[in-house]
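Since every read-out is calculated from the coordinates, none of them should be taken as a lab result. Small disclaimer: the values here were computed from a predicted structure and weren't measured. Note that we place each Cβ from the backbone using ideal geometry, even for glycine, and neighbour counts take in every protein chain shown.
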Amino acid sequence: MHLRFFLIGFFLLLPFSCKPGTSERVLSPDKMSAIITDLQLADAAYKLDMLPPEYKNHPEKYYLEILASHQTDSASYNKSMRYYAENPALLKKIYMDVEKNLQQKNTRK
């Protein structure tokens, strides 16, 4: 009896557990574009020697803080990037969103 309710509940909730086409362990395209936008800005700051003083000798800490601010870590980010790299159409859309994000940030200044 309990097994039947479990199976019914499982199959009813299964379609809502993941977004179509993505694994539950993969960050959403929106989240990836937000993270990549912030990482691009951090990379530009690093190249222009504009990182905050506490990160000048350890820029990797700055990148890790960016990931933490998006409630993720490097393992999840890397796993997601590998997934999207294997799906070029999705990755292209993410980078198109990153470009839009950067343009919007540039026009606000």
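The table below lists the values:
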item	result
Of residues in the stretch 68-109 being farther than 14 Å from Gln40 by Cα and of a type in the set (Asp, Glu), the one surrounded by the most Cβ atoms within 10 Å (Cβ to Cβ)	Asp73
Residue list for the stretch 23-46, restricted to those being of a type in the set (S, T, N, Q), assigned to a loop (DSSP other than H, G, I, E, B) and under 11 Å from the mean Cα position of the chain (by Cα)	Ser28
Boolean, Lys47 is over 19 Å from Ser28 (Cβ atoms), in contact (Cβ under 8 Å) with a residue 40 or more places away in the chain and surrounded by fewer than 15 Cβ atoms within 10 Å (Cβ to Cβ)	no
Residue ranges of helices (runs of 4 or more DSSP H) in the stretch 47-109 with at least 1 members out of contact with any His (no Cβ under 8 Å at 6 or more places or on another chain), of a type in the set (Gly, Ala, Ser) and more than 15 Å from Ser33 (Cβ to Cβ)	59-69, 74-85
Counted residues, the stretch 27-59 - those being within 17 Å of Glu99 (Cα to Cα) and of a type in the set (Lys, Arg)	1
